[in-house]
1. Is it the case that the stretch 25-33 has a residue that's open to solvent by 70 Å² or more (accessible area, probe 1.4 Å) and free of Cβ contacts under 8 Å to residues at least 12 places away in the same chain?
2. Would you mind telling me which numbered condition in (1) part of a helix (DSSP H, G or I); (2) over 30 Å from ILE179 (Cβ atoms); (3) open to solvent by 30 Å² or more (accessible area, probe 1.4 Å); (4) touching a residue at least 40 places away in the same chain (Cβ under 8 Å) HIS63 fails?
3. Does ASP106 satisfy the criteria of being without any contact (Cβ under 8 Å) to a residue 40 or more places away in the chain and open to solvent by 20 Å² or more (accessible area, probe 1.4 Å)?
4. From the list GLU200, GLU190, GLU235, exactly one residue is more than 15 Å from ASP114 (Cα to Cα) and touching a residue at least 60 places away in the same chain (Cβ under 8 Å). Which is it?
5. So which residues in the stretch 165-219 are over 16 Å from the mean Cα position of the chain (by Cα) and of a type in the set (Gly, Ala, Ser), if there are any at all?
6. How do the strands (runs of 3 or more DSSP E) wholly within the stretch 210-271 filter down when requiring 3 or more residues that are in contact with a Lys or Arg (Cβ under 9 Å, 6 or more places away or on another chain) and open to solvent by less than 60 Å² (accessible area, probe 1.4 Å): which remain?
7. Please name all residue pairs, on different chains or six or more residues apart, with Cβ atoms under 8 Å, provided the first residue is in the stretch 1-18 and is more than 12 Å from PHE53 (Cα to Cα) and the second residue is not in a helix (DSSP H, G or I).
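The values are calculated or read from the model by the stated rules, or taken from the named source; none is laboratory data. None of the values given here were measured: they were computed from a predicted structure. Here the Cβ is made from the backbone with ideal geometry for all residues, glycine too, and neighbour counts use every protein chain on show. Note: accessible area is taken over every heavy atom of the protein model, side chains too, but ligands, DNA and RNA are not part of it. Shrake-Rupley method; radii C 1.70, N 1.55, O 1.52, S 1.80 Å.
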Amino acid sequence: MIARVALADAARRLERVSDTPRLDAELLMAHAMGVSRDALLLGRLDDAAPKAFAALVARRLGHEPVAYITGRRAFWTIELAVGPGVLVPRPDSETLIEAAVAHFADRAPERILDLGTGPGTLLLAALDQWPQAQGRGVDASEVALDYARRNGAALGMAERATFQRGNWSEGLNGLFDLILCNPPYIGTNEDLPPDVRDHEPGEALFAGADGLDDYRILIPQIPGLLAPGGIAIFEIGSTQAEAVAALAKAAGMEAVLHCDLGGRPRAMALR
């Protein structure tokens, strides 16, 4: 079967498990061929479909995230290695980087902190944006930190990005111009798609009954970490803006909401 026919068939089958069936099929086909998706679409659609493609589609039909199957995920201007045990980077999280770029329009942050760094997603994207900056990523998971260190090395940032195991900001010294954080914010009783619920790490997703437990811990810590003129940007759930803003006010901070490309509340900038 040629690739274009196999893609059409796979996309049809994937409709029952994915909101982006054609994209999923293309990413899996490109992975099976060992080429980029662009290369597939521009010149390989009439090639024979690799035998490995069927097995990849079968894994996706079992709700395994595409990023886990391919081992890669694009984010902002970088590509990251990901796999079981780490949160898959989402395009919506790029809202945090966009908010940071807007804040530092006329200067660059020198020291960046990423709390709950996962595979290094936000920190490495920020360091790619500001090549002179130094950064630190903190996470409680050794699995995540292993991915983060390997991603930093692969992107040529090993000298600028350090990663350490920790419980949020516990034990950190010094002040940071930019603090980024995508904490767990899902309520324990909220329903999630099988791709997320059955595959991604629960400790990176759930934060108590209302999803606010980690904000209650983190936000009071921010004033002691933020350099003058700096900013801390948190990812939030689409219904949490009011509650997170109230926590910021109680900590003596101003909160500014940023929405994602879909118009949904996505990031809260504190200063």
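1. Of all residues in the stretch 25-33, those open to solvent by 70 Å² or more (accessible area, probe 1.4 Å) come to 31.
Within this subset, residues satisfying the condition of being free of Cβ contacts under 8 Å to residues at least 12 places away in the same chain are none.
Scanning the stretch 25-33, I find no residue that is open to solvent by 70 Å² or more (accessible area, probe 1.4 Å) and free of Cβ contacts under 8 Å to residues at least 12 places away in the same chain, so the answer is no.
2. (1)
3. Values: without any contact (Cβ under 8 Å) to a residue 40 or more places away in the chain: yes; open to solvent by 20 Å² or more (accessible area, probe 1.4 Å): yes.
Taking the combined requirement at face value, the residue satisfies it.
4. Numbers: GLU190 fails: touching a residue at least 60 places away in the same chain (Cβ under 8 Å); GLU235 fails: more than 15 Å from ASP114 (Cα to Cα).
The match here is GLU200.
5. Within the stretch 165-219, GLY166, SER169, GLY171, GLY174, GLY187, ALA207, GLY208, ALA209, GLY211 qualify.
6. Passing ranges, in order: 226-235, 255-259.
7. Final answer for the pair search is ARG4/LEU45; ARG4/ASP46; VAL5/ALA49; VAL17/HIS63.
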